[in-house]
Amino acid sequence: MSELKVLIAGAGLGGLTLAQSLRNHKIDVAVFERDASPWDRPQGYRLHLDADALGAAREVLPADLHAVFDATAQYTEAFTTILGTDLSVIKRLPARGEHGEEVWAAHDGPAPHANVDRATLRQIMLAGLEDAMRFGKTLSHYQSSADGVTAYFTDGSRAHGHVLVGADGIRSAVRRQRAPHAGTADAGVTALYGRLPMAAAEPVVPAETLKDIFTIASDERKVFLGLGSVRFPTPPAEAAARFAPGIPMRDQDDYVVCIVGGRHEFFPHTDGAMRACSGEELRRIAAETLRDWPTGAAELVLSADPTSFFPVEMYTSVPTALDAPTNVTLLGDAVHAMTPTLGRGANVAMRDGTLLGRALKKVADGQLALADALAAYERDMLAYGFRVVRQAARVGQERMAQNPLPE
Ligand SMILES: Cc1cc2nc3c(=O)[nH]c(=O)nc-3n(C[C@H](O)[C@H](O)[C@H](O)COP(=O)(O)OP(=O)(O)OC[C@H]3O[C@@H](n4cnc5c(N)ncnc54)[C@H](O)[C@@H]3O)c2cc1C
């Protein structure tokens, strides 16, 4: 173990990627997570992963965990398919990379896109970190000095390390202190998420929904229905038993996630009031929002599991500059949250975790001073992170009438 001690606030996918990377590099790490346990609240369903997250998983996970990841990921064809409101296929759009290139056309390596189940991925990312995890710890503030940084928690406890990483999501307490000027903005859009059992979805959705990254239909109001499949090549519990026996893994059936969204004014309640609705009510509201579409769409939504629905508040970071770091930095949604139009937020958070892990390895090896390593990391991370935030806002405006980013 090196001398360096790293404190991470937040055990989302970004924080856990960093923690796995530091474990690899034999760097002392502790992860402080507000939730009381990994199962404290629903974490969402399908996640689209692209080369950033797939590369991160390859780099940071030990071979046995990566084998579980690989066996449970649905590698998709590299298209987003546009549907009519009658759910017929209009066109298939090739996925594009960071600089607008068609990923499919340029690609001759491992599959560059996958749909995975978020809970399964989180279990994989948590495995092996049990001794580093501190659940039920909400960071309130920190104090930074020449000899390190102390993190303070709402239960009165504290922890001291050489560096603190704010991986604590869009309402980051670390960002509030490190970059008080950095803001977030309401995207103007409401979305309701639910889960369709595969048996209900398969006979109704086009074949492309089951093999592409995502399919989406929208109307003249830009109210949309999004559909994305998660088909496990190997069921998660079986994959864990085969490749990494002993890691906790809940089993899951194949499913199709459905998202009904649009500008706030097309929904009967505010996001706040929607949080108080039951899953069944949210399902009814989602179906009702599609009432003017040919009947198939609303019926499909009504065939979803009623307990699975939840509302999502869509906020975006507003790109900004950060002052030079000393021993506190940020990653993922804590600094560059984006609307989910591109399915990129977790990818970029995992890329950050990998990049920061490499930078901290150089510090642990004595090759770089901490402040220089963090400055180099932040230069790269802010450039690509905010590039994707802007891209997501542009596509969000086109597809769902998202508010433009404030100047
Ligand atoms: C509905 C939806 C669908 C999405 N689909 C995709 C997709 O397909 N592909 C994709 O790449 N991205 C997608 N995203 C975006 C993606 O979920 C996020 O970008 C990603 O989860 C960010 O990871 P993170 O680790 O930075 O933050 P988070 O996942 O938000 O994790 C932050 C963690 O910090 C904890 N925390 C918060 N405050 C504190 C505190 N004060 N102290 C301690 N802990 C704290 C939280 O409990 C949480 O566990 C989607 C987002 C949504 C909402």
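One table, with the values for the structure above:
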item	result
Criterion violated by residue 103 - all others in (1) more than 14 Å from the ligand (Cβ to nearest atom); (2) touching an Asp or Glu at 6+ places or on another chain (Cβ under 8 Å); (3) at pLDDT 95 or above; (4) β-branched (Val, Ile, Thr) satisfied	(3)
Where a residue in region 64-84 is farther than 20 Å from residue 95 by Cβ and its partner, wherever it lies, is open to solvent by less than 30 Å² (accessible area, probe 1.4 Å) and of a type in the set (Phe, Trp, Tyr), with Cβ under 9 Å and at least six apart	71/232; 72/232
Residue, surrounded by the most Cβ atoms within 10 Å (Cβ to Cβ), within region 244-285, restricted to residues that are of a type in the set (Gly, Ala, Ser) and in contact with a Phe, Trp or Tyr (Cβ under 7 Å, 6 or more places away or on another chain)	261
Helices (runs of 4 or more DSSP H) fully within region 246-352 counting 3 or more residues that are closer than 15 Å to residue 169 by Cα	333-336
Filter pass, residue 98 being at pLDDT below 95 and charged (D, E, K, R)	yes
Some residue of region 2-13 being over 30 Å from residue 77 (Cβ atoms), modelled with pLDDT under 95 and away from the ligand (no atom under 12 Å from the Cβ)	yes
Residue among 166, 136 that alone is closer than 30 Å to residue 64 by Cα, within 11 Å of the ligand (Cβ to nearest atom), in contact (Cβ under 8 Å) with a residue 40 or more places away in the chain and buried (at least 20 other Cβ atoms within 10 Å of the Cβ)	166
Residues of region 186-216 satisfying the condition of being exposed (fewer than 15 other Cβ atoms within 10 Å of the Cβ) and over 21 Å from residue 76 (Cβ atoms)	186
Strands (runs of 3 or more DSSP E) lying entirely in region 23-90 (those with 3 or more residues that are more than 13 Å from the ligand (Cβ to nearest atom))	77-83
Test: residue in region 51-73 that is at pLDDT below 95 and more than 30 Å from residue 291 (Cβ to Cβ)	yes
Qualifying residue in region 222-240 (condition: touching a helix residue (DSSP H, G or I) at 6+ places or on another chain (Cβ under 6 Å), of a type in the set (Lys, Arg) and part of a loop (DSSP other than H, G, I, E, B))	yes
Whichever residue in region 147-160 is over 19 Å from residue 377 (Cα atoms) and open to solvent by less than 30 Å² (accessible area, probe 1.4 Å) and, among such residues, is farthest from the ligand (Cβ to nearest atom)	150
Those residues of region 186-240 which are closer than 30 Å to residue 61 by Cβ, more than 14 Å from the ligand (Cβ to nearest atom) and hydroxyl-bearing (Ser, Thr, Tyr), in sequence order	209, 234
Residue match in region 227-234 (condition: crowded, with 16+ Cβ neighbours inside 10 Å, more than 22 Å from the chain's Cα centre (by Cα) and aliphatic (A, V, I, L, M))	no
Scope region 1-19; condition under 20 Å from residue 136 (Cα atoms), of a type outside the set (A, V, I, L, M) and either in a strand (DSSP E or B) or out of contact with any strand residue (DSSP E or B) (no Cβ under 8 Å at 6 or more places or on another chain) (or both); matching residues	12, 14, 17
Condition broken by residue 313, with the remaining ones in (1) surrounded by fewer than 21 Cβ atoms within 10 Å (Cβ to Cβ); (2) away from the ligand (no atom under 16 Å from the Cβ) satisfied	(2)
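Conditions (1) open to solvent by less than 10 Å² (accessible area, probe 1.4 Å); (2) modelled with pLDDT of 95 or more; (3) within 16 Å of the ligand (Cβ to nearest atom); (4) at positive phi, marked per residue:
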residue	(1), (2), (3), (4)
324	no, yes, no, no
329	yes, yes, yes, no
342	no, no, yes, no
353	yes, yes, yes, no
356	yes, yes, yes, no
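The values are calculated or read from the model by the stated rules, or taken from the named source; none is laboratory data. Keep in mind it's a predicted model, so treat the numbers as computed, not measured. Cβ coordinates were reconstructed from backbone atoms using ideal geometry, including for glycine residues, and neighbour counts include every protein chain displayed. Heads up: the accessible areas ignore ligands, DNA and RNA and are worked out on the full protein's heavy atoms, side chains in. Shrake-Rupley method; radii C 1.70, N 1.55, O 1.52, S 1.80 Å.
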